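Laboratory data are not the source of any read-out in this text; all were calculated from the coordinates shown. Model, not experiment: these values are computed from the prediction. Cβ sites come from the backbone with ideal geometry, for glycine too, and all protein chains shown count toward neighbours.
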Amino acid sequence: MADHEALDSADTRHFALEAREVTKRFSGVLANDRVSFAVAPGEVHALLGENGAGKSTLMNILYGLYTPDEGEILVGGEPARFGNPSDAIARGIGMVHQHFMLIPPLTVTENIMLGNESRRGRLLDRATAAARITELSRRYGLDVDPQATVADLSVGAQQRVEILKAFYRDARVLILDEPTAVLTPQEADDLFAIMRGLRAEGKSLIFITHKLREVLAIADRITVLRGGRVVGQARAADVTEHDLARLMVGRSVALYERDGTAGGAGPSEAGPVEEGAVAVALGLSEVAPEHAVAPPAATAAAPLLRVEGLTVRAIGGTDRPALDAVSFTIAPGEIFGIAGVEGNGQTELAAALTGLRRADGDYAWLGDREITGRAPRELIAAGVAHIPEDRQKDGLVLPYSIGDNLVLSTYRQSPFARGILLRIGPIRDFARRLIDAFDIRAGRGGADLPAGNLSGGNQQKVIIARELSRPIRFLVAAQPTRGLDVGSIEFIHAQLVAQRAEGRAILLISAELDELLALADRIGVLYRGRLVATLPRAEATWERLGLLMAGGE
Amino acid sequence: MTGQATTAGDGPARQLWPLARRAGQAALVPALAIFTALILGAILIWLTTGSLATALAAYGGLWEGALGSPRALAGTLVRSTPYIFTGLAVALAFKCGLFNIGAEGQLALGAVCAAWVGYRFQMPGLLHVPLTILAGIAGGFLWGMVPGILKARTGAHEVITTIMMNYLALQIVQILLSGPLKDPRSVASQTPALAPTSWLPMLIPSLQLHSGVLLAVLVAIAVWWFLGRTIWGFELRTVGVNPAAARYAGMSVARNVVGAMALSGALAGLAGVVEVAGVALDVTTVTPTGNRYFGLGFSSGYGFDSIAVALLGRGNPFGVIGAALLFGGLRAGATRMQFNTQVPGEIISVIQALILLLIAADVIVRRLYRLRAATADEAQPALTSGWGEKVA
Ligand SMILES: Nc1ncnc2c1ncn2[C@@H]1O[C@H](COP(=O)(O)OP(=O)(O)OP(=O)(O)O)[C@@H](O)[C@H]1O
Ligand SMILES: [Mg+2]
């Protein structure tokens, strides 16, 4: 393990971008503590760390969004001061954010031109821009239609637009903040191919991820952050996933393969992770994870959720419905997984079952209650919980405190309200409890910190804490562990298993096949809005699911 | 800023300090905008009159007319009162993500309703005053509700509909005043005089200071309390900040949009009430017993200025009171300024417009005074919302 490999030993003039002893505080939180970090031309440098370790903060500093309290930034060996991102862009730095920054109603070309308009006289020169975009996209293998409207693009394509935007501005250094969190495995592989191409062109890439497998697959060097400090740097060739996991968590951790977790233990015992025993499962273990959860508890019982012929029309002209006569049931104490490439009806399924989208007719029953066409409030009262796929759009009110976000759907109930009055005290107490229980890293702000100031992974934990902390019967969990670090993923998985043991019906929609294979009792595959297959977990394999997801047999 | 400040001990001062600092930060840009607008206004007077002394004398007159005597002060308070109500109206709609340009029309409708109850009925003051107030609230409430319903049902943008409702309101008022509600004994388009039992009680009769200002402050506190402490306020704000999350959490976006517009209209209607039942309009009478009635052209833009008041007050009820006092003071002082220096009172509108401009384009102020860019915490409420999205 090359923890101590000092950067100073290298010739700094060779670094495309470097941070030296950078410190950044946010009202009491030391987000970056004397962090030194550098990336060379033609290098892919991965940045690892738990949720809230300070990765995004460091990148935002390098991109000029934040100014460091102390320390300096060097570009090509020369000190640089960034007052704002335009300064950083001018020095050849580009960034793709954890949450995209595109303007949906505009076209790809317009989005890319924005802020860097080519002009002909006083008019925008779209044609020249489009030609350049086409040329760039061919050169780097970034396949997008310059004329397409961003709102119509898949997440993977939107990401390619973000990358193109950076290179349109002649970026030499590209920062990618958790780019793979929103991608399907296939799209992630495409991205890696693009990244290798860029590396070959001599570009510098900084890559943030929580998936250790990806790090070892693509990175040349790795820096690990913990609590705002650099705790290790190494060449990817010199380390194993175990080393990285240990560094990230900061303790000697009891590592285990997935099949060791709950082996033999009934679901009721697979509750919250035990104190002290920090369990870190690797992003992808070679071992088939069949035994992660105990066999189905209650397949014999009458189904709790019954969906029959659920159809949801697509928004915008296409004839093919977004969800086409989908039928399935979920028993109490069962996790039903939904696999599928994004955009094949998952969003509509979750929305229809939680009252956010209208379905045409009565198609779903919870117990003996018909739930299609009901307003979200009724469904919440009936015990439906929802971890939404887009956390910043649906799941959180970013300017609100963590406390207010934690009672977003229960604020009318005792003890949070008395009559029409909100009760600040109980809300805050409740928030403190959940912050503890779910290990939400809120720093000093505690329950009063605006959710928008939390790191991405901690925002996700707020949503999960909220949805799992009230009495529920049926949970729709869409990409529940997106953006979480390995420790938190394991914790959330344990929570889902505990919910299952309590007899809840759980619909788990996930782009991570590993997650489905580890947790689901049965897995359905959505393809073009239709449920093309339903497999018991024993019969589900990566290969079979992959084939079905692609429309094969 | 410094390491010390963030690592200081855990005394009660630590709790108060961030609050005070936040309030200070929120007030900083508005204060600088006012300051800058006043300087620009002085330069304008200087340029047009060719004399710096006139500019200074004009501001002297402004000060004298607004704050120079108890009478001036009372005048400022009376003129600030409708501003507080209309400012609150716009601020409340902001909180729900709505841009209510219709305060002028809502005010007019509130005033008509209040006037009608005031002159039409005879009853003891204990009953008559509250009923008059309620009538004004009801008028504004219903008039504000219409654009809310249109938005919720059809997605019609409230900016367009409230502007059109303003014209509609003014036409309706004109028709009412020249027909059904016209005082037959008067040549002017005005209602009969309100019964004295419906008048707002006087605080200081000799200064013509009526109790509307107290009502306004109480209502501001109520609005603050409503928004921050009640479950309805919580819903309304959530819809304003993130309608998608509000829907997800089981809140009805449509109901909140309608409710917010109606409440906003009710607040604007209160401005109509205090103008009709509080202010003696009979210019020939200098005693506080001067007649109160509702006549054409009486509002003179309280509704339109309200957007500036709400912006200047940063959408905060107490900020609105401060902004309303400023606007009321400018209005009150304008007469004295014009009398003393012959500088036209319209310069006040120019200053108000400059303040609005500097607040809306706060980049100018920040550049001028080398302030940091707005952080998420202090950012303005969104002033616009998408066009034609259906919220039902
Ligand atoms: N604007 C802010 N105000 C206050 N605290 C902040 C702000 N931004 C970040 N923080 C805090 O700084 C710390 C580091 O956050 P950062 O977003 O850099 O984490 P991260 O490593 O990117 O985590 P994740 O993997 O969850 O995205 C966290 O404790 C976070 O709460
Ligand atoms: Mg992050």
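Peptides B:72-79, A:473-480, B:87-94, A:182-189 ranked from most to least packed give B:87-94, A:473-480, B:72-79, A:182-189, packing being the mean of other C-beta atoms within 10 angstrom over each peptide's residues. The charge dipole of the protein assembly as shown, taken about its Cα centre with unit charges on the Cβ of Lys, Arg, Asp and Glu (plus for the first two, minus for the last two), comes to roughly 3280 debye.
Taking every residue in B:248-259 and counting other chain Cβ atoms within 10 Å of its Cβ, the average works out to 5.
Shown for chain B are the DSSP H helices of 30 Å or more along their axis, judged by Cα atoms, with a mean Kyte-Doolittle hydropathy of at least -0.5: B:12-49, B:70-95, B:125-154, B:253-278, B:317-341. Projecting the Cα atoms of A:Ala447, A:Gln459, A:Leu421 onto the charge dipole of the range A:395-469, computed from C-beta unit charges around the Cα centre, puts A:Leu421 farthest toward the positive end. Note on chain A: percent of Cα-Cα distances in each 20 Å bin, starting at 0 and stopping at the bin with the largest distance, equals 20, 54, 25, 1. Between B:Leu203 and A:Asp360, the distance separating the two model label sites (each 7 Å from Cα on the Cα→Cβ line) works out to 6.3 nm. For the residues of A:15-27, the average number of beta carbons from a partner chain within 10 Å of their own beta carbon is 1.
Between B:Ile364 and B:Ile39, the FRET efficiency estimated from the beta carbon spacing at R0 = 22 angstrom works out to 0.95. Shown here is the pair-distance distribution of the range A:100-171: with all Cα-Cα distances grouped in 10 Å bins from zero up to the longest one, the shares run 22, 58, 19, 1 percent. Stokes-Einstein, applied to the Kirkwood radius of the protein assembly as shown over Cα pairs at a viscosity of 1.002 mPa s and 20 °C, places its translational diffusion at 69 µm² s⁻¹.
By the gyration tensor of its Cα atoms, with a ≥ b ≥ c the square roots of the eigenvalues, what is the shape of the range B:297-373: rounded for a/c under 1.5, prolate for a/b over b/c, or oblate? Note, shape of the range B:297-373 comes out oblate. Computed over chain B with a Gaussian network model linking Cα atoms closer than 10 Å, the most mobile of B:Ala360, B:Ala268, B:Ala260 is B:Ala360.
Between the range A:444-503 and the range A:26-62, what's the alpha-carbon centroid distance in Å? So the separation of the two Cα centres works out to 24 Å. Mean sequence separation of contacting Cα pairs (under 8 Å, at least six apart), scaled by the length of the range A:395-469, corresponds to a relative contact order of 42 percent. Helix A:155-168 versus the longest principal axis of chain A: what is the Cα-based angle in degrees, 0 to 90, to the nearest 10? For helix A:155-168, the angle is close to 10 degrees. Here's the picture: a label point sits 7 Å out from the Cα of B:Ile163 along the beta-carbon direction, and within the range B:80-99 the residues with their amide nitrogen under 14 Å of it are B:99. Only Lys, Arg, Asp and Glu carry charge here, each on its Cβ (+1 for the first two, -1 for the last two); on that basis chain A has a dipole of about 1620 debye about its Cα centre. Note on A:Ala90 and A:Glu370: the extension gain reaches 95.0 nm, defined as 0.36 nm multiplied by sequence separation minus the Cα-Cα distance. Shown is the FRET efficiency for A:Asp436 and B:Asn291, computed with R0 = 56 Å from the Cβ-Cβ distance and rounded to the nearest 0.05: 0.25.
Averaged over the residues of A:406-415, the number of partner chain Cβ atoms lying within 10 Å of the residue Cβ comes to 3. Since only A:Thr534, A:Val497, A:Leu30 are under comparison, the one whose Cα sits farthest along the positive direction of the charge dipole of chain A, derived from C-beta charges on Lys, Arg, Asp and Glu, is A:Leu30. Rounded to the nearest 0.05, what FRET efficiency do A:Arg444 and A:Asp319 have when you use their Cβ-Cβ distance and R0 = 45 Å? The formula returns an efficiency of 0.25 here.
Diffusion of chain B by Stokes-Einstein, at 10 °C in a medium of 1.306 mPa s and with Rh set to the Kirkwood radius over alpha-carbon pairs, works out to 72 µm²/s. Under the convention that each Lys and Arg Cβ holds +1 and each Asp and Glu Cβ holds -1, the size of the dipole of the range B:28-368 around its Cα centre is about 520 debye.
Angle, helix A:424-437 long axis vs. longest principal axis of chain A, Cα atoms, 0 to 90°, nearest 10? On a 0 to 90 degree scale, this one is about 80.
Approximating the spin labels as points 7 Å out from Cα along Cα→Cβ, the A:Arg34-to-A:Glu78 distance works out to 3.0 nm.
Rounded to whole Å, the principal axis extents of the Cα atoms in the range A:395-469 read 35, 23, 22, largest first.
For chain B, averaging the sequence separation of C-alpha pairs within contact (under 8 Å, six or more residues apart) and dividing by the residue count gives a relative contact order of 32 percent. Ranking B:Val239, B:Ser206, B:Leu176 by how far each Cα lies toward the positive end of the dipole of the range B:133-283 (charges on Cβ) leaves B:Val239 at the top. When you count the other C-beta atoms within 10 angstrom of each residue and take the mean per peptide, B:128-139, A:442-453 line up highest first as B:128-139, A:442-453. Here the label points at A:Arg139 and A:Asp429, each 7 Å from Cα along the C-beta direction, are separated by 6.3 nm in the simple model.
Based on Cα contacts under 8 Å between residues 6+ apart, chain A shows a relative contact order of 16 percent.
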